[in-house]
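Okay, so here's the structure we're looking at.
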Amino acid sequence: FYSYKNEYSTSSFISNGKYTQIDLSPIVGYFIADKFVLGLKSTISSIKGDFTVVGGVGNGGSSSQRHLFGAFGRYYFLEEAKQTNLLVEASYQAGIIRGTNNTKGNLNNFSISAGPVIYFNPSVGIEFLLGYVTNSEKYTSQVLSENKKGFQLSIGLQIHLIK
């Protein structure tokens, strides 16, 4: 879940908006060293929101989908035998945008998150991460680009095939 405000600006108008984004991000990783994981991360996002054009020219709503693919690294601070652990994760992804009125574009995303993971058994746990995200988007069907920065709360399910 990611909620943010942003400002679009072109040479002809400025628009302020408020948006909500829901992500599904499956990751697959491998412990390359004790407590350190590297892997691949894919994200599918759905974004919906409303905007107002500055000066009262108009307002409206929009929706879009994003598909990203990239890499991540994770470090677990406590011993693996513990029922709880603390982790930090950094990831970088690149992808494509498909939006309202057939808009298309490219994007880059960097995030860093940290938080606890609570294990139900030696292989399955639930994680609660709080992080900071920067996102840069450039639309190819319009002369428009935007940069978003904000905080993100993630809740995820971990399944370790071998622990």
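The values are calculated or read from the model by the stated rules, or taken from the named source; none is laboratory data. Please read these numbers as outputs of a predicted model, since none were measured by experiment. Cβ coordinates were reconstructed from backbone atoms using ideal geometry, including for glycine residues, and neighbour counts include every protein chain displayed. Note: accessible area is taken over every heavy atom of the protein model, side chains too, but ligands, DNA and RNA are not part of it. Shrake-Rupley method; radii C 1.70, N 1.55, O 1.52, S 1.80 Å.
In percent, rounded to a whole number, the relative contact order of the range 38-163 is 18, using alpha-carbon pairs under 8 Å and six or more apart. Note on Thr20 and Ser123: the model spin-label points, each 7 Å out from Cα along the C-beta direction, lie 3.6 nm apart. Amide H contacts of Leu78 (H built 1.01 Å from N, in plane; Pro and chain starts excluded): Leu86 sit under 5 Å, all sequence-distant by 5 or more or on other chains. Using the average count of surrounding beta-carbon atoms within 10 Å as a protection proxy, the listed peptides 104-117, 59-72 rank, highest first, as 104-117, 59-72.
Here the Karplus relation 6.51 cos²θ - 1.76 cosθ + 1.60, evaluated at θ = phi - 60°, turns the backbone of the range 97-102 into coupling constants of 10, 10, x, 4, 6, 6 Hz, with x for every Gly and Pro. Probing with 1.4 Å while keeping every protein chain in the model, the per residue accessible area of the range 6-151 equals 57 Å².
Between the C-alpha center of the range 76-99 and that of the range 30-71 there is a gap of 16 Å. By the compact-protein rule of thumb, 2.2 N^0.38 Å, the alpha-carbon radius of gyration of the chain corresponds to a ratio of 1.20. For the set Ile47, Ile14, solvent exposure ranked by accessible area (probe 1.4 Å, protein chains only) runs largest to smallest as Ile14, Ile47.
Partner lysines whose Cα lies under 28 Å from the Cα of Lys82, excluding those fewer than 8 positions away in the same chain, are identified as Lys35, Lys41, Lys163.
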